[in-house]
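K.L.:
Quick one: this structure, given as structure tokens, is what I'll be asking you about.
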Amino acid sequence: MIKISKRLPQLAVAAMAVAAAGFVLWQNQRVAVLWDLGYLLDTGWRIAAGQMTYRDFPLAHAPLTFLTQALLIKIFGRCYLVTEIYAAVTGGLSVWLGWLSLSRLMESRWLALVLTAPLVFLSTQGVYPHPIYDTDAGVAVLFAVWLLIVLAQEREAVWLRAVLTGAAVVVPMFYKQNIGLPFAFAVGVAAVVMVCSRSEWRKAIGLLGGMFAASIAALVAMAATWGLGNYYHWTVAFAAQRRMPGLALIVAIYKTELVYWAVPAMLVGFFLLRTRLQKWIGVLLIATPFLWTVWLVVSAEDADDMADALLALWPVLLVLAAIVAVVKLRRGVTLERMVPFVILAAIHGAFLSQQLWGSTYAIWPLLMVLVATLVAALPAAVRWLRPVVGVVFAAALLVCGGVYATSLARLSYADIPEGAAVGSQVTALRGMRTPGKYMENFDELVRWTDENIPQGDALLVIPGEDPFYYATGRVPRFPVTMMDPATDPYSAEELMNETRRRGVKWVIMKTKLQSKENPMPGQEETLELVERNYGVVIQLKGYEVRKAVTQY
């Protein structure tokens, strides 16, 4: 009985991980965001087909997500069900990794379990259910954070563990640059500070050694494959030019009414808990922002208002976590006290992509680790304080997170009509479902293409919203498969010059997009040039197929 009771938290979190994976699968049965899936699957397919990223075609993102998808295609073939299962496993894994960190930070494993519960809906894949670089990077950072916490709690330096942890810290930057680079930089700075303060300096040197070795290995691998110059050009220079926001946009997330009143209220609450005054007043002050958020979420009239109410908690919790981390650091520099700072660096790095609204979907588990540091900072003398506050935090995030994830508010950039999801009949896309006629229209395009366009003919798909090449098995002969400012380096004129150079005979134009906005650079000018050089062959439901006026 004693052994079973000790394993109960592990069994419970395993059930949560399975539930989170099931929730991801359910989300995938409700919606498929074609714009994102087209980019992910077509890029993975062209790598699996032998094309070299950064050398043969531009890619503004780090490679590991796409290499992973290419590997899955190599092993299982073009099968979208594998993509769904991968997303579900990733989501479940993020719950388990979050629990491992929380159980290390909390004295009570049951309280750690309570704080893990919101991740059933807010796993790395819960809000956005498809595989993508942010979600993969989120899992990689979670893994590295857990290793950092384990290393920090070792009484003596374990060189091999420190080196391996340092190597793990480097990995996230090869999933997503703006998440991984700030995270690795923050860990490096923390290690240098530890060395300079002669605090756990052996652990710090091991971390730096592992980071250095992993970085050198990655540089050598890149130099031997796609080339360091190509990698720097696309993932650093080009990516920063297209997606890097100004500092003012990041600072703006902290200029909200909730921050202005909730942070002072919670700080006063923390202070009252350490005095002889009525501690329930302090608990009420700490809990009020969460209770207020629950009220706003459940009473919101539309999904956008609900999402705004929940996401407004982020800056409040980040400010409080930073303040608590600074206060703890005054007692002395240790690796465990530096962990909140490296998590904050990773979170703010994520904000560099799409700020608060767009960038939080894959990093909720990291926020829960910071929430655990807040709960752990409560006075331990009063036994009921941490459980009560932890339950309030977890219950609020569980309720609000469940509403947020199931509402698909984060996917508001895609048209998701009312009604049942419709699945594709294309063999490679079995399991891909979304409301509306988008899959039906795409299936018609695939059938017509298979019957009328020779496999060897070069073609261009505009704007590239669908996983066309993945679905048809055709290998892209044009460098760009999706025309988005973050991925398409061509102006309208350069695009047409490239089509001539590569002998593009066919242009497929999607006329009914699932995406609510067409972000194609130089859209009007591009369409005008296409219409001038390519004549209409057929009008399908949702697509227009054109053929070059001049034969190549």
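The values are calculated or read from the model by the stated rules, or taken from the named source; none is laboratory data. All values derive from a computational prediction rather than experimental measurement. No Cβ is skipped: glycine too gets one built from the backbone with ideal geometry, and neighbour counts run over all protein chains shown.
K.L.:
Restricting to the range 49-93, count the residues that are touching an Asp or Glu at 6+ places or on another chain (Cβ under 8 Å) and either buried (at least 19 other Cβ atoms within 10 Å of the Cβ) or on the phi > 0 side of the Ramachandran plot (or both).
P.N.:
3
K.L.:
Which pairs turn up if I take residues in the range 524-552 that are touching a residue at least 60 places away in the same chain (Cβ under 8 Å) and surrounded by 18 or more Cβ atoms within 10 Å (Cβ to Cβ) and look for partners that are aromatic (Phe, Trp, Tyr) and outside any helix (DSSP H, G or I) with beta carbon separation below 8 Å, at least 6 apart in sequence or on another chain?
P.N.:
That search, which allows pairs on different chains as well, returns Val545/Trp506.
K.L.:
Going through Val480, Val475 one at a time, which residue ends up being modelled with pLDDT of 90 or more and within 22 Å of Thr235 (Cα to Cα)?
P.N.:
Testing whether each residue is modelled with pLDDT of 90 or more and within 22 Å of Thr235 (Cα to Cα) leaves just Val480.
K.L.:
Right, next: Inspect the range 346-353 for any residue being surrounded by 15 or more Cβ atoms within 10 Å (Cβ to Cβ) and assigned by TED's automatic domain parsing to the domain that holds Tyr404 and give the result as yes or no. Break it down stepwise before answering.
P.N.:
Going residue by residue through the range 346-353, those that are surrounded by 15 or more Cβ atoms within 10 Å (Cβ to Cβ) are 346-353.
Cutting the leftovers down to assigned by TED's automatic domain parsing to the domain that holds Tyr404 gives us none.
Within the range 346-353 (the criterion being surrounded by 15 or more Cβ atoms within 10 Å (Cβ to Cβ) and assigned by TED's automatic domain parsing to the domain that holds Tyr404), the answer is no, since none of the residues qualifies.
K.L.:
Can you work out which of the residues in the range 166-184 that are in contact (Cβ under 8 Å) with a residue 60 or more places away in the chain and β-branched (Val, Ile, Thr) is surrounded by the fewest Cβ atoms within 10 Å (Cβ to Cβ)?
P.N.:
Across the range 166-184, the extreme among qualifying residues is Val171.
K.L.:
How many residues does the range 78-134 hold that are polar (S, T, N, Q) and either touching a Lys or Arg at 6+ places or on another chain (Cβ under 9 Å) or assigned by TED's automatic domain parsing to the domain that holds Phe393 (or both)?
P.N.:
2
K.L.:
Restricting to the range 404-450, name every residue that is over 27 Å from Leu527 (Cβ atoms) and exposed (fewer than 15 other Cβ atoms within 10 Å of the Cβ).
P.N.:
Within the range 404-450, Glu418, Gly419, Ala420, Gln425, Thr427, Arg430 qualify.
K.L.:
Answer yes or no as to whether Val388 is modelled with pLDDT of 90 or more, more than 26 Å from the chain's Cα centre (by Cα) and surrounded by fewer than 21 Cβ atoms within 10 Å (Cβ to Cβ).
P.N.:
Taking the combined requirement at face value, the residue satisfies it.
K.L.:
If you don't mind, there's one more thing I want to ask. What tally of residues in the range 24-33 results from selecting those that are in contact (Cβ under 8 Å) with a residue 60 or more places away in the chain, in a helix (DSSP H, G or I) and surrounded by fewer than 24 Cβ atoms within 10 Å (Cβ to Cβ)?
P.N.:
Let us first name the residues in the range 24-33 that are in contact (Cβ under 8 Å) with a residue 60 or more places away in the chain, namely 24-25, 27-33.
Going one step further and asking which of them are in a helix (DSSP H, G or I), we end up with 24-25, 27-30.
Filter once more, keeping what is surrounded by fewer than 24 Cβ atoms within 10 Å (Cβ to Cβ): 25, 29-30.
Number of matching residues: 3.
K.L.:
Continuing with this model, one more query. Report yes if Ala213 is modelled with pLDDT of 95 or more and in the same structural domain as Gln153 (by TED's automatic domain parsing), otherwise no.
P.N.:
Details: modelled with pLDDT of 95 or more: yes; in the same structural domain as Gln153 (by TED's automatic domain parsing): yes.
Yes, satisfied.
K.L.:
Any residue in the range 362-384 that's touching a residue at least 12 places away in the same chain (Cβ under 8 Å) and more than 24 Å from Tyr133 (Cα to Cα): show its pairings with residues that are surrounded by 24 or more Cβ atoms within 10 Å (Cβ to Cβ) and among the polar types (S, T, N, Q) at Cβ separation under 8 Å, as long as the two are six or more apart or on different chains.
P.N.:
Ala372/Ser101
K.L.:
State the number of residues belonging to the range 451-504 that are surrounded by 15 or more Cβ atoms within 10 Å (Cβ to Cβ) and not in a loop (DSSP other than H, G, I, E, B).
P.N.:
Matching residues across the range 451-504 total 16.
K.L.:
While we're looking at this one, here's another question. Those residues that are over 20 Å from Leu59 (Cβ atoms), touching a residue at least 24 places away in the same chain (Cβ under 8 Å) and not aliphatic (A, V, I, L, M), I need them from the range 468-498; list them, please.
P.N.:
Hits for the range 468-498 are Thr472, Gly473, Glu493.
K.L.:
Please report, ordered by residue number, the helices (runs of 4 or more DSSP H) entirely within the range 45-138 with at least 1 residues that are within 15 Å of the chain's Cα centre (by Cα), of a type in the set (Val, Ile, Thr) and more than 29 Å from Pro489 (Cα to Cα).
P.N.:
Hits in the range 45-138: 80-105.
K.L.:
Mind telling me which of the residues Thr275, Thr288 ends up being part of a loop (DSSP other than H, G, I, E, B) and within 23 Å of Val389 (Cβ to Cβ)?
P.N.:
Working: Thr288 fails: part of a loop (DSSP other than H, G, I, E, B).
It is Thr275.
K.L.:
When you scan the range 413-427, do you find a residue that is at pLDDT below 95, more than 17 Å from Leu41 (Cβ to Cβ) and within 20 Å of the chain's Cα centre (by Cα), even just one?
P.N.:
The answer is yes; a qualifying residue exists.
K.L.:
Any residue at all in the range 208-229 that is in contact (Cβ under 8 Å) with a residue 12 or more places away in the chain, in contact with a Pro (Cβ under 6 Å, 6 or more places away or on another chain) and either assigned to a helix (DSSP H, G or I) or surrounded by 14 or more Cβ atoms within 10 Å (Cβ to Cβ) (or both)?
P.N.:
Within the range 208-229, not a single residue is in contact (Cβ under 8 Å) with a residue 12 or more places away in the chain, in contact with a Pro (Cβ under 6 Å, 6 or more places away or on another chain) and either assigned to a helix (DSSP H, G or I) or surrounded by 14 or more Cβ atoms within 10 Å (Cβ to Cβ) (or both).
K.L.:
So the check is Cβ under 7 Å with 6+ separation or different chains; which pairs have a first residue in the range 249-269 that's in contact (Cβ under 8 Å) with a residue 12 or more places away in the chain and a second one that's among the small types (Gly, Ala, Ser)?
P.N.:
Close Cβ pairs (under 7 Å, with a partner that is among the small types (Gly, Ala, Ser)) amount to Thr256/Ala312; Leu258/Ala312; Gly269/Gly282.
Okay, residues lined up against (1) under 21 Å from Leu291 (Cα atoms); (2) assigned to a helix (DSSP H, G or I):
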{"residue": "Val319", "(1), (2)": "yes, yes"}
{"residue": "Ala325", "(1), (2)": "no, yes"}
{"residue": "Glu336", "(1), (2)": "no, yes"}
{"residue": "Ala346", "(1), (2)": "no, yes"}
{"residue": "Ser353", "(1), (2)": "no, yes"}
{"residue": "Tyr361", "(1), (2)": "no, no"}
{"residue": "Val371", "(1), (2)": "yes, yes"}
{"residue": "Val382", "(1), (2)": "no, no"}
{"residue": "Arg386", "(1), (2)": "yes, yes"}
